[in-house]
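Worksheet: one structure, shown below.
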Amino acid sequence: MMAVYTPAGARRSCPLCGGRCTPAFTASDRNRAATSERFAYDRCEACGTLAMADVPDELSPFYAGAYHGFRTDGSPEWTANPALREAEAFRVQLLRRHLQPGTLIDIGAGAGAFAAAARDGGFEVKAIEMDERCCRYIEDDLHIDAICSDDPVRALASLAPARVITLWHVLEHLRDPAAMLAAAAERLERDGMLVVGLPNPRALQFRLLGTRWAHLDAPRHLCLMPAEAVVAQAQKHGLRAVAIITDEPFGRICDVHGWVCALRRDPAAGDPSPAVIHLAQAIASALRPIERGGVRGTTFTLLLRR
């Protein structure tokens, strides 16, 4: 069980549903060791969301360094990662099974892996991303329009309605995920689709690892939201869930990564050894049949139709 902390003061409301929160646990920055601080998380009594109790005023220092990796030739690391490219192609195929291509807005596009796959899949892609180097690569090398902004709600409001809006592992980084969901729903075309990918606080891996879980990722992940809580919030804005997926290629990559980090004393200390990677892969493979039952995967993807 994860240790409960004693709060210094009264907790404010849940950033997703507005419900009352109670103390849950504290966590350190195991993944990147950008700070020695510990961060308190609360649990919403209404929807089960885990939210950082006191979000720092300035978050950029925790993203310093190679958060989006680039190779020495200037290309992003995803271009040399076949497994990640295949995972992005699967995401595009998933969309194509539910709708025809049209305008797609990729919020939090990173170095453009999904944006490139969506463009190649027939979508007219526009990207929103806060990292300047990523935006330059998306525009100059991928030839995809990119808005460089750390305020995705405002940036989205400047664009025309889209057939698809994607939030691949973005909501957990935002101070106000509810506002982002509302803005995305408002910017969808009729019968358009909002796609949300998130780390899963109901994951078997989280239950087993507690605060050693890599996808807790304090202090960059400000909240971890259960699938049913996101669906309920989306319904307030006229969206309905058409699919909840917890076993897909990117999630399996995240699953192995979670075990790699858990097996290491210091995940921030360079690359893991081949032995650690092989052991992590074996653990992930052995537990996958259990994770497939219910919403227990390391990540989940929601397809929400307007």
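The values are calculated or read from the model by the stated rules, or taken from the named source; none is laboratory data. Bear in mind that the values here come from a model prediction, so they are computed numbers and not experimental data. We place every Cβ from the backbone using ideal geometry, glycine too, and count neighbours over all the protein chains shown. Surface accessibility is based on the protein's heavy atoms, side chains included, excluding ligands, DNA and RNA. Shrake-Rupley method; radii C 1.70, N 1.55, O 1.52, S 1.80 Å.
From the set of residues in the range 102-111 that are of a type in the set (A, V, I, L, M, F, W, C) and free of Cβ contacts under 8 Å to residues at least 60 places away in the same chain, which is surrounded by the fewest Cβ atoms within 10 Å (Cβ to Cβ)? The selected residue is Ala111. Quick check on the range 257-275: of everything there that is open to solvent by 30 Å² or more (accessible area, probe 1.4 Å) and either in contact (Cβ under 8 Å) with a residue 60 or more places away in the chain or hydrophobic (A, V, I, L, M, F, W, C) (or both), which residue is nearest to Gln205 (Cα to Cα)? Filtering the range 257-275 for residues that are open to solvent by 30 Å² or more (accessible area, probe 1.4 Å) and either in contact (Cβ under 8 Å) with a residue 60 or more places away in the chain or hydrophobic (A, V, I, L, M, F, W, C) (or both), the one nearest to Gln205 (Cα to Cα) comes out as Leu263. Taken over the range 276-306, the residue count meeting the criterion of being open to solvent by less than 20 Å² (accessible area, probe 1.4 Å), part of a helix (DSSP H, G or I) and not charged (D, E, K, R) is 2.
Can you tell me which residue in the range 68-99 is surrounded by the fewest Cβ atoms within 10 Å (Cβ to Cβ), limited to those that are in a loop (DSSP other than H, G, I, E, B) and under 18 Å from the mean Cα position of the chain (by Cα)?
Narrowing the range 68-99 to residues in a loop (DSSP other than H, G, I, E, B): 68-69, 71-75, 81, 97-99.
Adding the requirement that they be under 18 Å from the mean Cα position of the chain (by Cα) leaves 68-69.
On the way: His68: 19, Gly69: 12.
Out of the qualifying residues, it is Gly69.
Is it the case that the range 207-215 has a residue that's of a type in the set (Ser, Thr, Tyr) and under 25 Å from Glu37 (Cβ atoms)? Checked against the condition, which is being of a type in the set (Ser, Thr, Tyr) and under 25 Å from Glu37 (Cβ atoms), the range 207-215 yields at least one hit. Can you tell me which residue is nearest to Arg136 (Cα to Cα) among those in the range 100-113 that are touching a strand residue (DSSP E or B) at 6+ places or on another chain (Cβ under 6 Å) and not in a strand (DSSP E or B)? Out of the qualifying residues, it is Ala111.
Restricting the range 141-185 to residues that are crowded, with 21+ Cβ neighbours inside 10 Å and of a type in the set (D, E, K, R), the residue that is farthest from the chain's Cα centre (by Cα) is Arg163. Evaluating Ala117 against the criteria (1) under 25 Å from Asn31 (Cβ atoms); (2) part of a helix (DSSP H, G or I); (3) in contact with a helix residue (DSSP H, G or I) (Cβ under 7 Å, 6 or more places away or on another chain) leaves one unmet condition, (1). Within the range 112-130, one or more residues are open to solvent by less than 20 Å² (accessible area, probe 1.4 Å), under 20 Å from Arg71 (Cα atoms) and of a type in the set (D, E, K, R).
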